[in-house]
Each structure stands twice: as C-alpha cells, then as structure tokens.
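The values are calculated or read from the model by the stated rules, or taken from the named source; none is laboratory data. Since the model is a prediction, treat every value here as computed from it, not as a measurement. Note: ideal-geometry Cβ built from the backbone for every residue, glycine included; neighbour counts use all protein chains shown. These accessible areas exclude ligands, DNA and RNA; they are computed on the full protein's heavy atoms, side chains included. Shrake-Rupley method; radii C 1.70, N 1.55, O 1.52, S 1.80 Å.
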Amino acid sequence: MVNFYWKLETNIPSMVETGVCVVIPIEGHGFFLNSATKEIILRLGSSISQKLSTHQPRNDVFQSYATLDRKGYSQTSGFWGLLKIPETLVGQTVELKLEAVQEDGQRFCTSAGTIQVVRHLPVEKVTVEKGGGALPLVAICMATYNPEIEPFKRQIKSIINQSYNNWICIINDDGTTKERYAAIEKICGSDRRFYLFQNKENVGFYRNFEMVLRRVPNGVEYVAMADQDDFWYPDKIKSCLDLFRTDTQLVYSDMRIVTDAGNVLSETYWVNRKNNYKDMGVVLLANTVTGAASVFKRSLLEKVLPFPEQIGDAFHDNWIALTALMAGGIEYVDRPLYDYIQYSGHVIGHCDFDSLTVKGRFMRLRAYASIYARVLGKRLISTRRDGKTLKRNVILIKDYFLAEARKIYRLLQAVYTNEYRRLQLFSANLNSRFSDKTTYQKDVLSIFNGRPSTISRLLRAHLDITRYRHTTNDAEIRLLASYMAHTFSKRMAGRMRTRNVKRNFSQVRNRELEMQHATQFLEQKIAPLKIKTAPLSPRRINILIPTIDLNLLFGGYIGKLNLAQRFIDCGYNVRIIIVDECDFLPVKVNGTLSS
C-alpha cells in the first residue's frame with residue numbers, strides 16, 4: 001500500500017443530527033510523496049460517497065513537511081467538500097472512510113472514524129398545558145447573554161403587554177453571570193408563560209438561537225424570535241399574524257432605530273438599503289430579514305433544524321429566511337412594530353451598507369493611484385537629472401502598491417473561506433432538504449457549486465441586481481473576486497511547486513546549519529576544560545572568567561581582578577584563564593598578574 005499523509009481538520013462529532021437531511025463541511029489535507037493526487041473520496045457507509053475538491057494551496061503543510069516532501073506535493077494538499085447525510089441513515093452507526101487515488105491509479109484507503117446518525121438530538125423541551133383558547137399558540141424564542149437588566153426588564157414588559165395574549169416565551173441563556181442570571185429569573189418568575197433554560201457552556205448567538213428553537217413544543221403554531229433588549233409595540237405579534245396566508249411561511253416587519261438613551265436614529269431600518277424579500281438571490285447574497293422582526297410557522301422548523309455548521313459570520317435569521325423562501329414565501333409589514341435599541345458595544349448592530357469591504361479597498365487604491373501618478377509626474381520633471389532620487393521615488397511607489405495588492409489578496413482569500421464557503425454550505429443544505437422542488441430558487445442556489453460557471457453566474461446576478469436596482473452592497477462582486485483569487489492561487493501553487501521546493505530546501509538547509517552552529521557552540525560552552533600538568537611549572541592560583549574587555553569592565557570582572565590582586569599582595573602567583581573566545585590580547589599586569 002502506498003503511503004498517504006493526511007489529516008481531517010474538521011471536528012466531526014461521533015453523533016450527527018440529520019433532521020430531514022444535513023450537509024456537513026469536510027476540510028483537511030492529504031498528499032502522496034512521489035505522485036500527484038488525482039482525487040480524494042469520502043465514503044459514508046456503503047451507500048454515500050462524495051468527491052472532495054482537491055489541490056487547495058496549503059503552505060503551512062508544505063512548511064511542516066519540508067524535510068520529508070522532496071517533490072512538493074504537500075503544497076497543494078488541501079481538500080474541501082460537503083458530505084450529505086440523509087435521513088435514510090437514521091438509527092445507524094456508519095463508518096467514514098477516506099480514499100485517495102494517485103495519478104497512476106494506485107489507491108489508499110483508511111477509516112476516518114464512525115458516525116452515529118440520529119433524527120433529532122435529545123433536548124429538554126417546554127411542556128405546555130393545553131389551553132381552551134381559540135387563538136393559535138405562539139412561542140416567543142429569546143436568546144440571552146449578559147443582558148443589561150433595565151433594557152431586559154423593559155423588553156419583558158413589552159412582551160407581557162402584547163394585545164395578542166396566547167403566547168409562551170422560551171428564554172435560552174448562553175452563560176450569563178450568576179448575578180444577572182438571578183435577575184433574569186426574578187424578572188420572569190412572576191409569569192408562568194416564561195420558560196427559562198441555560199446552556200452548560202457558551203456556544204455563541206448562532207447556536208444559542210438554534211438551541212432555543214429546539215425547545216419549541218408540539219402544539220405551537222407560530223414562532224416569534226426576540227432579542228433581549230428591544231421594545232415591542234403592543235400589536236407586534238397580531239400585526240404579523242394577520243398577514244399569514246396559505247403559502248406564507250414567514251412575516252417580518254420594519255423597525256425603528258433608537259439609541260439606549262431613547263434618541264431616534266431612524267424611523268425605518270431601510271435607510272441606504274432597499275428592502276427585497278421576494279428574490280432568492282438578493283436574500284442569499286445580502287439578507288434583508290431580521291430575526292427579531294420575524295414570525296414564522298412552527299412547521300418550518302422541520303426544515304430549519306439542524307442549523308448548518310457555522311462558517312464565518314453565519315446568521316440564524318439569514319438561514320431561516322432562506323428556508324422560508326424555499327418552503328413557500330415571505331410577507332412584510334411595512335411599518336415599524338418595535339424599537340431596535342442600538343448600543344455602541346453591540347455584537348450585532350443595525351447593518352447599513354458601507355464601503356468597508358473589498359470594494360472600499362479598491363476605491364481607496366484607485367484614489368491613491370491617481371494621487372501618486374500626479375506626484376510621480378511632477379517628480380519625474382523635477383528630478384530628471386537626479387537618477388538616484390527618481391529611482392528611490394519609483395521604488396517607494398511600487399512598494400506601496402504591492403503592499404496594498406497583498407492586503408486585497410489576503411482579504412479576498414478570507415472572503416472565499418468565510419463567505420463563499422458559507423453560502424456554498426447553505427445552498428447545499430437547502431437543496432438537500434427541498435430535493436422535491438425544481439424551482440427558480442434551486443437554480444439560484446446552484447451559483448455556488450464551485451464550477452467554472454460560477455463566474456458567469458455571479459456576473460449575471462450582478463447585472464440583474466443593477467438592472468432591478470436591488471441593493472446587495474456588491475456582495476456578488478466581492479464573492480466573484482474571491483472565487484477568482486482562490487482559483488488563481490490554486491493554479492499558481494501548482495505551477496510554482498518545483499521552484500518553491502528548491503527555496504524550501506534552501507531555507508531548511510540554512511536552518512539546519514544555524515542549529516548545527518548553535519549546537520556546536522553549546523557543546524563548546526559545556527565541554528570540560530582540558531587540563532595539562534607540568535611538574536616544573538610554578539604553583540599558581542587560577543581564576544577562570546568567560547571573557548575580558550578592558551574597555552567594558554563591569555562589577556563582576558572588577559571584583560575578580562581585585563581578588564587576583566589581593567592574592568598577589570599575599571605573595572601568590574596568579575593566572576587568569578579566559579575560557580571563551582576573546583579579542584583581548586593577554587598582557588602582564590603589574591609584572592606578576594598574567595592571563
């Protein structure tokens with residue numbers, strides 16, 4: 001069997017919740033020493049196999065295997081893929097195998113562990129007594145983490161004062177301090193419609209919202225999401241429920257943006273953005289549906305749970321909105337139904353579009369290019385006789401643009417890793433959970449299939465968005481640029497493999513020489529002194545010191561010299577022995593002290 005050096009870097013749990021179907025990301029690295037890798041396949045049990053995207057640049061692996069990999073195949077050893085785990089595997093414990101194929105057809109196969117597939121993970125749900133009311137039961141789901149007590153109290157009071165009164169409120173806390181958690185219990189304890197839970201460890205807002213949704217009991221017809229410090233208007237729930245039709249899956253509303261001091265920043269959420277909740281492409285690229293503004297059918301949870309793995313800045317409301325669009329449709333209440341409190345220290349605040357993106361960097365680079373072009377032109381004229389100054393100016397300008405280009409390139413790589421792959425994962429999960437649908441939505445989701453058509457599809461999406469005056473903050477252009485940068489880096493890593501191997505081995509050799517020199521130096525330092533005795537030599541006191549420089553004498557050296565002088569004064573012969581390399585030329589001191 002050929003040797004294949006590999007590692008799965010994705011933490012695959014021993015138990016996976018599949019729901020209707022779940023797609024999980026797989027990432028790692030693997031390479032053969034003597035041949036390129038043709039393909040890597042993951043096999044789950046006997047029925048599921050998935051080819052992974054290979055030849056991803058991995059300079060970190062290349063450096064780690066520098067002394068072993070003499071052909072450089074580790075430089076493009078990264079792999080990435082999406083593994084589909086269908087509902088048909090529920091109740092089984094299946095083996096996950098990794099299979100790698102060389103260019104010459106030789107195969108390597110090994111076990112990568114086992115996975116127990118379950119329909120739903122066990123979780124404590126709310127138990128609700130059946131009421132006699134005719135109104136549908138609404139579950140308000142709130143995720144909390146160290147809330148400020150007064151705003152939290154105000155939010156709870158606004159929920160209690162809803163004109164629609166057939167509701168329960170499930171609060172799932174994510175590791176709030178003991179003092180504040182006790183305050184939360186006190187605030188909610190007087191009303192039996194509130195149910196309070198706390199995670200054993202902090203999981204972040206994305207997973208915390210997933211956990212609170214898992215606790216929604218049977219018998220609930222609608223689910224409303226709530227933040228911990230907003231202020232709901234009395235008709236919020238009722239106004240959203242009034243817009244539900246047969247195919248409607250989710251209804252959300254506008255909001256008013258208010259500071260914690262009560263100052264109104266905006267009467268509407270839509271300042272520089274255009275609200276679009278009908279177009280799948282727009283919602284996918286730049287979500288317009290805010291979780292705290294939403295009410296959706298409880299039946300949607302069958303497709304919503306479990307949430308996809310969190311890649312980059314994944315948001316629960318974006319995932320729920322996409323699921324609602326696939327399942328039926330979304331409606332909108334065109335007026336504020338609550339105050340969104342905007343704090344300066346919010347983890348997630350009011351998201352208004354700006355230019356702090358790849359586009360912003362491009363615009364800044366273009367502006368600087370114009371400025372430097374004018375400056376360079378003037379300097380060319382003023383320094384045409386001074387070649388050295390001109391050369392220095394050109395080098396400075398070139399270095400600046402190279403540095404900016406590197407920043408943009410690194411930013412694009414981060415966009416690909418955190419944004420492109422997140423949308424790829426969202427799309428794959430939606431496709432697998434709505435496999436019976438052949439709609440426009442599914443066609444939009446195929447944009448992120450990782451194939452060459454991605455470029456043309458994103459360009460077409462940009463043209464459509466521009467034509468219909470939608471607002472996505474040019475997210476499609478950012479994703480397109482990141483995909484092209486990633487593709488370029490893959491090709492360049494493969495082409496430059498031989499040169500990088502030579503450079504790598506040169507660096508390794510230099511490090512080895514440095515280590516060898518350091519080792520020899522330490523060996524010399526700790527080696528025992530070689531002592532030779534001569535019967536005819538006079539009796540002397542030997543004083544050993546590391547080195548000596550009469551231009552730089554410190555207290556320790558002065559003390560040793562004074563000691564030697566005191567011995568001389570007592571009639572002894574004294575010899576100072578320097579044990580390290582020293583530029584000092586030995587001379588006699590006072591005619592009797594020698595070195």
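Computed values, structure above
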| read-out | value |
| --- | --- |
| Estimated vicinal HN-Hα couplings, Hz - the range 413-427 in sequence order (Karplus 6.51, -1.76, 1.60; Gly, Pro = x) | 5, 5, 4, 5, 5, 9, 9, 4, 5, 5, 5, 4, 5, 4, 4 |
| Cβ crowding within 10 Å averaged over residues, with 74-81, 86-93 ranked highest first | 74-81, 86-93 |
| Dipole in debye (nearest 20) - the range 1-72, about Cα centre, beta carbon charges: Lys, Arg +1; Asp, Glu -1 | 300 |
| Glu221 paired with Lys278, simple spin-label distance in nm, labels 7 Å along Cα-to-beta-carbon | 2.8 |
| Distance (nanometres) between label positions extended 7 Å along Cα→Cβ at Arg335 and Gln92 | 5.5 |
| Heavy-atom accessible area order for Met496, Met484, Met225, largest first, 1.4 Å probe | Met484, Met496, Met225 |
| Selection from Pro538, Thr110, Val223, by position along the positive dipole direction of the chain (Cβ) | Pro538 |
| For His55, residues with placed amide H under 5 Å, excluding near neighbours | Gly78 |
| Signed unit charges on C-beta, dipole axis of the chain, positive-most listed residue Leu83, Asn449, Leu337 | Asn449 |
| Label-to-label distance, nm, for residues given as Lys7 and Phe488 (7 Å Cα→Cβ offset) | 2.9 |
| Distance from the range 54-72 to the range 141-170 (C-alpha centre basis), Å | 54 |
| Surface accessible to a 1.4 Å probe, His470 within the full protein complex, Å² | 40 |
| Paramagnetic reach from Lys238 (point 7 Å along Cα→Cβ, amide N under 18 Å) across the range 133-164 | 133-140, 157-164 |
| Theoretical gain in end-to-end length, Asn573 to Thr127 [0.36 nm per residue, Cα-Cα removed] | 150.8 nm |
| Extension gain, His120 back to Gln342 (0.36 nm per residue minus Cα-Cα distance, nm) | 76.3 nm |
| Stretch gain in nm, segment Gln413-Ile558, where the contour uses 0.36 nm per residue and the Cα spacing is subtracted | 46.2 nm |
| Under 30 Å from the Cα of Lys236 - lysines, other chains or at least 8 residues apart | Lys125, Lys130, Lys153, Lys157, Lys186, Lys274, Lys278, Lys297, Lys303 |
| ³J(HN,Hα), Karplus 6.51/-1.76/1.60, whole Hz, each residue of the range 78-84, x for Gly, Pro | x, 9, 8, x, 10, 9, 8 |
| Taking the convex hull of Cα positions in the range 131-213, its mean projected area over all directions (nm²) | 5.7 |
| FRET efficiency for Ile526 and Asp549, using Cβ-Cβ distance with R0 set to 30 Å, rounded to 0.05 | 0.85 |
| Helical contribution to [θ] at 222 nm, DSSP H n ≥ 4, -39,500 (n - 2.57), averaged over the chain, rounded to 500 | -12000 deg cm²/dmol |
| Heavy atoms of Tyr409 accessible to a 1.4 Å probe, total area in Å² rounded to 10 | 90 |
| Between the range 289-347 and the range 185-199, the alpha-carbon center distance in angstrom | 24 |
| Accessible area, probe 1.4 Å, largest first, for residues Met255, Met492 | Met492, Met255 |
| Sparse-neighbourhood loop sites, GluC sites (Glu not before Pro) in the range 235-313 - DSSP loop, at most 11 other Cβ within 10 angstrom | none |
